[in-house]
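A short write-up of the structure that comes next.
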Amino acid sequence: MRADLLTDAVEGLDEALAAVDGFDGVLVGGLLRPQPAQAVGLAGLADAVAGSPLAARVAEAAEKAAAGAADEDHYMALAAARTALLGSVHDALVARVEEVVGRPRAEAAGVEAAGVEHPVNLLVAARGWLCDLARTGWQGIDHELVAGAAPVVTAMLPEPGLRRLATLLDGFAAELAASCPGAMLERIPVRRWADLWSRAMLLTLPGADRTAAVGEATGRLLPLGVDLHEHATAVQAQVHAVFEPADGGTPRLVRASVSAPKPDTVVGAGLWQLLRPRMSLLAAVSEGRAMELDAMPVTAEGDLLWDDARATLGEPAEPFTTARVALPTAAAAPVMPVDRHPARIAVPVLLEGYAVEDEGEEVAFRVAGERLVVAAGRVPAAGPLTAEAVASSSACLGLLRWDAGEFRLQPLAVERTVRKKAVAVHAGAWAGGTADKAGVRAEKAATDAVTVLRERAGRLLRK
């Protein structure tokens with residue numbers, strides 16, 4: 001791995017991010033009565049896309065917004081410009097990562113699947129609420145404004161094709177509600193809320209859910225590890241794996257995800273109980289087994305649309321062996337334009353022969369003379385992998401990410417020496433169940449909490 005490239009400057013990166021930050025600052029105060037400083041942020045965004053097809057629309061939108069006269073189309077143009085800038089940052093960083101890891105990238109599919117027709121009134125209602133947020137600004141949010149998302153989300157949830165947007169709006173509204181009133185906030189997550197706002201705005205466009213054509217995957221799936229995403233209202237497990245086609249084609253990097261709604265009281269190992277019944281792959285991860293796939297639907301972006309009926313448990317497949325043998329030749333999938341964002345970068349890598357620098361709360365690996373910070377905060381509490389295990393490791397299988405202006409490594413599993421023997425510790429070891437003492441205790445506590453919640457829900461329904 002060319003670790004020296006991880007710290008080299010990427011041309012144009014700082015300028016693009018500065019334009020994004022300038023616009024994000026505009027959303028803090030809102031655009032109902034714009035101030036001169038906000039006009040500067042809007043102009044900076046327009047200047048950053050001046051050489052693109054968006055130039056004319058964004059210039060007009062910036063001018064109207066600075067005058068306090070922007071309508072929904074203008075807000076949409078601003079969201080699109082911000083998304084395009086972060087997409088360019090994503091592409092530049094991915095190109096750098098490809099140099100670092102030296103792995104191929106699959107060609108983008110030339111055919112798109114037809115988008116699903118959705119009730120236009122629901123998309124318009126969602127867009128209206130998001131525009132109200134932009135006018136009010138994060139400092140002006142209150143419970144009445146935030147509550148406006150609830151009826152929209154409720155109407156969207158019965159529509160399968162709208163659940164992606166509904167989940168986003170629901171989680172976004174929950175974060176805003178927990179922060180009301182905005183005028184009292186000591187710290188505002190400026191980049192995050194602007195990300196959620198612009199993402200949601202684009203998803204209200206008819207056809208925004210259009211995806212690359214779905215194909216079929218038949219062959220062997222070799223799991224590498226599990227990345228767990230947790231929010232107060234939802235949880236998702238994303239399994240990163242190498243897929244070896246049965247026809248002998250080029251191995252590919254793929255992902256398989258499973259999501260579930262959750263109450264905010266279910267945390268830690270209890271999350272697996274919500275996810276486990278929905279995906280047999282989680283059991284294979286815990287047992288260190290491969291899976292045989294038969295015509296499993298897969299998008300051009302490498303996302304398996306998991307169907308338990310199309311998968312069977314295979315032979316043992318140790319993730320570190322997979323990383324050493326199959327990962328170096330696995331091709332990465334392309335990313336659809338609407339999904340290009342630096343936060344999405346999560347490239348599986350295997351590191352060995354590094355020195356550990358343990359500086360209290362921060363752990364870093366010294367790789368070929370370069371310092372790579374470990375994103376220990378991303379290691380979930382729902383597994384046996386700990387910061388101490390990472391700090392005493394000799395090999396690490398993880399995801400290379402871009403965070404806080406630098407590349408960082410999120411550990412999925414580590415190898416460490418215990419009593420002169422190499423022992424692997426996996427973040428997703430408890431995904432399919434465990435006999436580990438700590439895991440059993442955590443499962444029992446979670447089971448008790450889930451049981452109580454179900455009993456309470458049953459009483460409410462009976463009433």
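The values are calculated or read from the model by the stated rules, or taken from the named source; none is laboratory data. As the structure is a prediction and not an experimental result, all values here were calculated from the model. Neighbour counts are summed over all protein chains in view; Cβ atoms, including those assigned to glycine, are modelled from backbone coordinates with ideal geometry.
Residue pairs, Cβ under 8 Å, 6 or more apart or interchain, first in segment 296-309 and closer than 17 Å to PRO223 by Cβ, second among the charged types (D, E, K, R). List them.
Close Cβ pairs (under 8 Å, with a partner that is among the charged types (D, E, K, R)) amount to MET296/GLU216; MET296/ASP307; MET296/ARG310; VAL298/GLU216; GLY302/ARG252; GLY302/ARG255; ASP303/ARG255; LEU304/ARG255.
Among the residues of segment 213-225, count how many are at pLDDT 95 or above and β-branched (Val, Ile, Thr).
The total comes to 1.
Pairs under 6 Å by beta carbon, first residue closer than 20 Å to ARG191 by Cβ in segment 157-176, partner hydroxyl-bearing (Ser, Thr, Tyr), six or more apart or different chains?
GLY171/THR233; ALA174/THR233
Would segment 199-210 turn up any residue that is of a type outside the set (D, E, K, R), farther than 27 Å from PRO277 by Cβ and crowded, with 24+ Cβ neighbours inside 10 Å? Even if it seems obvious, please write down each step before you answer.
As a first pass, look at segment 199-210 and keep what is of a type outside the set (D, E, K, R): 200-208.
With farther than 27 Å from PRO277 by Cβ added as a condition, the list becomes 200-208.
Next, from what is left, pick out any that are crowded, with 24+ Cβ neighbours inside 10 Å: 201, 204.
Yes, the conditions are met somewhere in segment 199-210.
List the number of the failed condition for GLY115; all other conditions in (1) surrounded by fewer than 19 Cβ atoms within 10 Å (Cβ to Cβ); (2) modelled with pLDDT under 95; (3) under 24 Å from the mean Cα position of the chain (by Cα); (4) assigned to a helix (DSSP H, G or I) hold.
(4)
A quick yes/no check of all residues on (1) farther than 26 Å from LEU17 by Cβ; (2) among the hydrophobic types (A, V, I, L, M, F, W, C):
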residue: VAL379; (1), (2): yes, yes
residue: ALA382; (1), (2): yes, yes
residue: SER392; (1), (2): yes, no
residue: ARG401; (1), (2): no, no
residue: PHE407; (1), (2): no, yes
residue: ALA422; (1), (2): yes, yes
residue: GLY439; (1), (2): yes, no
residue: ALA445; (1), (2): yes, yes
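Of all residues in segment 32-62, how many are more than 15 Å from GLY137 (Cα to Cα), in contact (Cβ under 8 Å) with a residue 12 or more places away in the chain and outside any loop (DSSP other than H, G, I, E, B)?
At the first step, the residues of segment 32-62 found to be more than 15 Å from GLY137 (Cα to Cα) are 36, 40, 43-62.
Imposing the further condition that a residue be in contact (Cβ under 8 Å) with a residue 12 or more places away in the chain reduces the set to 40, 43-49, 52, 54, 57-62.
In the following step, the residues that additionally are outside any loop (DSSP other than H, G, I, E, B) were identified as 40, 43-48, 57-62.
Final tally of qualifying residues: 13.
For segment 289-322, give me the residue count where each residue is within 21 Å of ALA424 (Cβ to Cβ) and surrounded by fewer than 18 Cβ atoms within 10 Å (Cβ to Cβ). Can you show your working first?
Within segment 289-322, the subset within 21 Å of ALA424 (Cβ to Cβ) is 289-291, 313-322.
Checking which are surrounded by fewer than 18 Cβ atoms within 10 Å (Cβ to Cβ) leaves us with 313-316, 318, 321.
Of the residues in segment 289-322, 6 are within 21 Å of ALA424 (Cβ to Cβ) and surrounded by fewer than 18 Cβ atoms within 10 Å (Cβ to Cβ).
Of all residues in segment 63-72, which are crowded, with 18+ Cβ neighbours inside 10 Å and outside any helix (DSSP H, G or I)? Talk me through it step by step, then tell me what you get.
Narrowing segment 63-72 to residues crowded, with 18+ Cβ neighbours inside 10 Å: 64-66, 70.
Passing the criteria: only ALA70.
Does ALA346 count as out of contact with any His (no Cβ under 7 Å at 6 or more places or on another chain), under 27 Å from LEU275 (Cα atoms), of a type outside the set (Phe, Trp, Tyr) and touching a residue at least 60 places away in the same chain (Cβ under 8 Å)?
Details: out of contact with any His (no Cβ under 7 Å at 6 or more places or on another chain): yes; under 27 Å from LEU275 (Cα atoms): yes; of a type outside the set (Phe, Trp, Tyr): yes; touching a residue at least 60 places away in the same chain (Cβ under 8 Å): yes.
When the stated conditions are applied, ALA346 passes them.
In the set ALA150, ALA232, which member is more than 30 Å from GLY314 (Cβ to Cβ), within 16 Å of the chain's Cα centre (by Cα), small (Gly, Ala, Ser) and not in a strand (DSSP E or B)?
Numbers: ALA150 fails: within 16 Å of the chain's Cα centre (by Cα).
Result of the check over ALA150, ALA232: ALA232.
Restricting attention to segment 159-191, which residues are among the aliphatic types (A, V, I, L, M) and surrounded by 14 or more Cβ atoms within 10 Å (Cβ to Cβ)?
Listed by number, the residues that qualify are LEU162, LEU165, ALA166, LEU168, LEU169, ALA173, ALA174, LEU176, ALA177, LEU185, ILE188, VAL190.
Please list, ordered by first then second residue, the pairs with beta carbon atoms under 6 Å, 6 or more apart or interchain, first in segment 241-267 and in contact (Cβ under 8 Å) with a residue 60 or more places away in the chain and more than 23 Å from ALA431 (Cα to Cα), second among the polar types (S, T, N, Q) and loosely packed, with under 14 Cβ neighbours inside 10 Å.
Between residues of segment 241-267 that are in contact (Cβ under 8 Å) with a residue 60 or more places away in the chain and more than 23 Å from ALA431 (Cα to Cα) and residues that are among the polar types (S, T, N, Q) and loosely packed, with under 14 Cβ neighbours inside 10 Å, the close pairs are PRO251/THR329.
What's the total number of residues in segment 243-283 that are of a type in the set (Asp, Glu) and over 24 Å from LEU399 (Cβ atoms)? Before you say what the answer is, go through the steps one by one.
We begin by selecting, within segment 243-283, every residue of a type in the set (Asp, Glu); these are 244, 247, 264.
Narrowing the set further to residues that are over 24 Å from LEU399 (Cβ atoms) leaves 247, 264.
Selection size over segment 243-283: 2.
Counting just the residues of segment 381-399 that are in a strand (DSSP E or B), of a type in the set (A, V, I, L, M, F, W, C) and surrounded by fewer than 22 Cβ atoms within 10 Å (Cβ to Cβ), which one comes out nearest to the chain's Cα centre (by Cα)? Write out each step before concluding.
The first filter runs over segment 381-399 and keeps only residues in a strand (DSSP E or B), leaving 393-399.
Those still in the list that are of a type in the set (A, V, I, L, M, F, W, C) too: 395-397, 399.
Still in the running and surrounded by fewer than 22 Cβ atoms within 10 Å (Cβ to Cβ): 395, 399.
Working: ALA395: 25, LEU399: 12 Å.
Here the residue is LEU399.
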